[in-house]
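To start, the structure under review is shown below, and the notes come after it.
The values are calculated or read from the model by the stated rules, or taken from the named source; none is laboratory data. Given the structure is predicted, the values throughout are model-derived calculations rather than measurements. Backbone-built Cβ (ideal geometry, glycine too); neighbour counts: all protein chains shown. Heads up: the accessible areas ignore ligands, DNA and RNA and are worked out on the full protein's heavy atoms, side chains in. Shrake-Rupley method; radii C 1.70, N 1.55, O 1.52, S 1.80 Å.
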Amino acid sequence: MNIQQISSTPFTDQKPGTSGLRKKVDVFKQAHYLENFVQCIFNSLGDSDKDILIIGGDGRFYNRQAIQVILKMAVASGFRKILVGQSGLVSTPAMSAQIRKYKATGGIILSASHNPGGPDGDFGIKFNTQNGGPAPEKLTDQIYQNTLTIDQYQIIEAADIDLDQLGTTPMGNAEVEVIDTVADYADFMQHLFDFERIKTLFRTGAFQMSFDAMHAITGPYAKELFERRLGAMVGTVMNAEPLEDFGGGHPDPNMVHAHELVEQMFGPKAPDFGAASDGDGDRNMILGRHCYVTPSDSLAVMAANLHHIPGYRNGLSGVARSMPTSQAVDRVAEVMGVHCYETPTGWKFFGNLLDSKKINLCGEESFGSGSDHIREKDGLWAVLFWLDLIAVKQQSVAEIMQDHWRRFGRHYYSRHDYEEVDKTRAEELMSTLKARQSELAGQAINGYKITACDDFSYTDPVDNSCSENQGLRFLFEDGSRIVYRLSGTGTVGATLRVYLERYEPNSEQHQLDTQQTLALLIKIAEQLARIKEFTGREQPSVIT
Ligand code: VG1
Ligand code: CO
């Protein structure tokens, strides 16, 4: 095996964010940039650990080139076997499932998730460990430290692998196998959900569904699941072909970016059920006819109904949500008599809770939900969950939501994002607000009393690791909340996220418009943080 040692020098900007390293394609294309980071991942693993590695991405621009490089580096680094998704494609949840199935050392996912792709778009890389989950902070810190001192990387000289052809090819001392993860993933889902029950929904043609794959990774998986296995009409999956630039779109399944689907679902001939997923397939948006389910509500509904799903017959053992996610699920946990954990933003914080069986369901307000079946959030899993639930209850999405709110009360919830604002100013906004917290506690703003405020920190109950500075929280006397944090996934400037939540127990009040209901809180949020002054923006860029 012809291993080349290539000299290199550190890049100072390779600190992984909320979910891996994300940069503009041009940044990744700099000589040695990708190689440095990959070598630092490999250097963070013990030599004896280098057994099976899985590689795949969401199909965005630069995916194929990056995979060829990583394959040769993995062989040089001593991996015994490398599995790679056909055409370089593996969704994030499928990757998590495959790592667990093959008991692999880990997996490298090439994706910037919901960020736009193409030559001018974003690229990203993240490493998932043996349990199938995102590398915990301890490991990402180690990788980052490695990036600051790296002086060489190893790569072998070899011909490129044909990524489209299934099968095994020797490479250096290792073997590379191109695998199809679609059938495996669909089989796995078939174990968790009652496919026969879901099929009865589609059988008569009366129930109609629309799924928007947004030209990203879920297209092939969704076609297999919904159209082939569950009998939904051909054409149920729209924008099904993964494209390098996602068709010029922004593969983020929310009311703003999944507008094609939203127009259908709120149009005159709306289907009964609609859903969308993101670039790498871990997010989901759930819609009914003329009805939108917030991700926080979706998590709460799942918690209340978990026992209906065959894969979870024993019901809810415990649940977790990220801190900014609404407290709708907390109410369910309370009624069910199980613990609800509050973690920092990012799926990596759920790993220990899932591994130690403290929880079997978790989610985030950012269109993410998942369970102990894998260690990532799982977009199609959530869609199947809702389909199975609709089949059990024989109710529409809107009816399911009405029932849920009647029982548990309603949490009006919204997130306001100020994207691509000046980084220094955004940091000043946060530090100014943080400095004022002790003075603000107990004060009334616009007649609304702040009962508590802090900068969220989390101590993991399993390994006692501590994560600080995870978002500024303001709690009001009626249980309303405002949370501020800066995004850790953007690639240009900074993104300020403002999370707003108000609880309304009275079901007479449950038909109100969300933004109107939150209007006073929105005003207070602006005042408290002086958003206009610091960001120079009159309005948020995206409201979800
Ligand atoms: C965002 C979301 C967070 C999610 C993360 C990764 O992070 O808010 O909840 O876990 O994206 O999701 P941030 O730091 O930008 O707020 V994905 O689908 O991009 O892997
Ligand atoms: Co994603």
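Would you tally the net charge around Val25, using a Cβ to Cβ cut-off of less than 9 Å, leaving Val25 out, and scoring K and R as +1, D and E as -1? Write down the numbers at each step before the final one.
Values: positive: Lys23, Lys24, Lys29, Arg60; negative: Asp26, Asp120, Asp122.
Combined, the nearby Lys, Arg, Asp and Glu give +1.
When Rg and the Kirkwood Rh are both derived from Cα coordinates, the Rg/Rh ratio for segment 285-426 amounts to 0.98. Considering only Gln152, Thr140, Asn173, whose Cα is most displaced toward the positive end of the charge dipole of segment 115-197, charges sitting on Cβ of Lys, Arg (+1) and Asp, Glu (-1)? Value computed over the given set: Thr140.
What Kirkwood hydrodynamic radius, in Å, does the chain give when the mean of 1/r is taken over all pairs of distinct Cα atoms and then inverted?
Here the Kirkwood hydrodynamic radius works out to 23.8 Å.
Positive end of the charge dipole of the chain (Lys, Arg +1 and Asp, Glu -1 on Cβ, about the Cα centre): tell me which of Ala270, Leu512, Phe534 has its Cα farthest that way. Toward the positive end, the furthest listed residue is Leu512. Each Lys and Arg Cβ is given +1 and each Asp and Glu Cβ -1; about its Cα centre, segment 184-408 then shows a dipole of about 820 debye. The residues neighbouring Arg197, those whose beta-carbon lies less than 12 Å from its own, together hold a net charge of 0 under the Lys/Arg +1, Asp/Glu -1 convention. Other residues with beta-carbon under 14 Å from the beta-carbon of Gln14 carry, at +1 per Lys or Arg and -1 per Asp or Glu, a net charge of +2.
At a probe radius of 1.4 angstrom, the accessible area of the chain per residue rounds to 38 square angstrom. Lysine pair count for segment 308-414 with Cα-Cα distance under 18 Å and sequence separation of 8 or more or different chains is 5. Among beta bridges from DSSP that stay inside segment 14-118, the antiparallel ones total about 10%.
Quick one: which of Lys15/Lys126; Lys24/Lys423; Lys23/Lys126; Lys81/Lys101; Lys23/Lys434 span more than 19 angstrom between C-alpha atoms?
On the way: Lys15/Lys126 11 Å; Lys24/Lys423 17 Å; Lys23/Lys126 12 Å; Lys81/Lys101 14 Å; Lys23/Lys434 28 Å.
Distance filter (> 19 Å) returns Lys23/Lys434.
Projecting the Cα atoms of His257, Ala391, Thr204 onto the charge dipole of the chain (Cβ charges, centred on the Cα centre) puts Ala391 farthest toward the positive pole. Note on the chain: antiparallel DSSP beta bridges, both residues inside, total approximately 70 percent of the bridges counted.
Remark: the chain carries a charge dipole of roughly 820 debye about the Cα centre, counting +1 on each Lys and Arg Cβ and -1 on each Asp and Glu Cβ.
Full extension of the segment from Ala183 to Asp162, taken as 0.36 nm per residue of separation minus the current Cα-Cα distance, would add 5.5 nm. Rounded to the nearest 20 debye, the dipole magnitude of segment 3-179 is 400 debye, with +1 charges on Lys and Arg beta carbons, -1 on Asp and Glu beta carbons, and the Cα centre as origin. The lysines whose alpha-carbon is closer than 17 Å to the alpha-carbon of Lys449, local same-chain residues fewer than 8 away aside, are Lys523. Candidate cross-link partners of Lys29 among the aspartates and glutamates, defined by an alpha-carbon separation under 12 Å and a same-chain spacing of 8 or more, comprise Asp120, Asp122.
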